[in-house]
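Just so it is clear, none of the values below were taken in a lab; they were calculated from the coordinates. What you see is a predicted model; the values in this text were computed from it and never measured. Note that each Cβ is placed from the backbone with ideal geometry, even for glycine, and that neighbours are counted across all protein chains shown.
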Amino acid sequence: MGKYKIPFNKPSFAGEENRYIADAIARGHISGDGHYTKQCHALLESELGVKRALLTTNCTHALEMSALLTRCGPGDEVIVPSFAFVTTVLAFVMRGATPVFVDVLPETLGLDPRHVEAKITPRTKAIVALHYAGVACEMDELLALGQRHGVPIVEDNAHGLYGKYRGRWLGTMGALATQSFHETKNFTCGEGGALLVNDEALIERAEIVREKGTNRSRFLRGLVHKYTWVDLGSSWLPSDMVAAFLWAQLEARERIQSKRRELWQRYDRELAAWAPKLGITQPRVPADREQSWHMYYLLLRDTAQRERLIDHLERRGILAVFHYLPLHISEMGRKYGGREGDCPVTESVSSRLLRLPFFNSLSESEQGEVIGALHEFDG
Ligand SMILES: *Cc1c(COP(=O)(O)O)cnc(C)c1O
């Protein structure tokens with residue numbers, strides 16, 4: 001932090017975290033699947049209407065579980081956006097699958113269904129749809145494509161909890177969906193995540209791979225007499241103290257989301273006259289979806305303008321950041337054949353996008369300072 005008066009992100013506390021952690025300790029079950037983990041599962045399942053929610057140690061691990069559950073392996077292909085977080089892709093590559101990079105649409109920065117269709121082959125084992133900034137991808141088109149070719153959709157919903165697409169919650173449409181509760185997300189427990197299982201046929205195996213490849217979950221429910229090693233897997237359960245922290249945040253979900261909505265709408269409103277004068281574009285959400293208020297970004301005219309704006313803000317003690325260097329032309333992406341020009345929208349957006357400070361405890365006056373500093377920037 002130090003150097004910046006207004007950081008890009010700061011962990012925010014909902015209030016009851018310490019109390020619930022102390023309670024988890026007092027209950028005497030501090031490993032995985034204790035009282036608070038079960039409460040988080042029940043909340044996600046009942047509120048979103050997903051068949052099974054499983055807390056994980058982080059979103060990356062939920063993605064690794066997805067790669068196992070969709071049986072991605074050597075010789076298989078997985079269709080992924082190039083405009084993505086590294087582990088959105090890495091989780092599948094870890095199983096030996098080949099990433100096939102596709103471009104995003106300029107309006108939503110989500111997968112371009114036509115580009116996806118062109119890349120489907122008999123080896124395609126999964127399509128990963130990342131709802132960037134919690135704005136849904138073209139899910140009806142992607143689900144239809146998946147159905148036609150017998151390929152499951154995995155939603156990387158790290159940004160999108162409580163966003164909606166045509167009335168449906170994000171994270172409830174793909175066979176599987178992954179959530180992140182990292183410090184930078186709307187709801188956090190420091191490091192944490194969840195796997196949402198919508199395809200009933202995958203529930204039992206999801207429980208097994210999360211429990212070290214054993215059928216311990218079935219044993220605990222009295223469905224089998226002893227538990228034993230039955231499949232691949234790892235140890236992906238967060239401790240119940242971590243779940244207790246998360247529970248405090250999920251319990252405050254309406255307050256947190258409404259604060260984030262206010263922040264987002266204020267940036268949008270108070271930058272509306274300024275941005276177009278400088279050729280800067282504000283994010284837009286199509287009328288058939290509701291965003292999750294995860295981030296506020298600007299699309300600058302070009303990279304040079306972005307550099308000037310970053311410097312301008314830095315001089316005023318404000319940190320703004322950009323992200324998602326195109327994965328297809330990263331050092332690893334090139335090893336899978338990625339070349340400049342393969343994903344032109346990704347390449348363009350990635351060189352121009354800038355994220356503004358955005359976190360639950362950003363105060364009105366701090367946000368006012370950021371907006372004031374932007375208004376002083378003349379191009
Ligand atoms: C944060 C993030 C992840 C990884 O989350 P972790 O919980 O840190 O593993 C994956 N995908 C996207 C889109 C993210 O933003």
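Odds and ends about this structure:
- Set of lysines near Lys226 by C-alpha distance (under 19 Å), chain-local residues within fewer than 8 positions excluded: Lys212
- Here Lys51 is the anchor, and the aspartates and glutamates within straight C-alpha reach of less than 13 Å, apart from those fewer than 8 places off in the same chain, are Asp199, Glu200, Glu204, Glu207.
- GluC sites (Glu not before Pro), loop per DSSP, at most 15 other Cβ atoms within 10 Å - longest free stretch of the chain: 184-339
- Within straight-line reach of Lys5, meaning a Cα separation under 23 Å, sit the following lysines at least 8 residues removed in sequence or on another chain: Lys185, Lys259.
- Fully extended contour minus Cα-Cα distance, from Lys10 to Ser351, at 0.36 nm per residue: 120.3 nm
- If the chain linking Lys3 and Leu278 were pulled fully straight, counting 0.36 nm for each residue of separation and taking away their Cα-Cα distance, it would gain 96.2 nm.
- Near-label residues of segment 34-56 by backbone N, under 14 Å of a point 7 Å along Cα→Cβ of Glu200: 50-52
- Extension gain from Arg269 to Ala304, taking 0.36 nm per residue of separation minus the Cα-Cα distance: 10.1 nm
- If R0 is taken as 41 Å, the Cβ-Cβ distance between Glu364 and Lys212 corresponds to a FRET efficiency of 0.30.
- A Förster radius of 30 Å combined with the Cβ-Cβ distance from Phe377 to Arg253 puts the calculated FRET efficiency at roughly 0.30.
- Each Lys or Arg adds one and each Asp or Glu takes one away; over the other residues whose Cβ falls under 13 Å from the Cβ of Arg261, this sums to +2.
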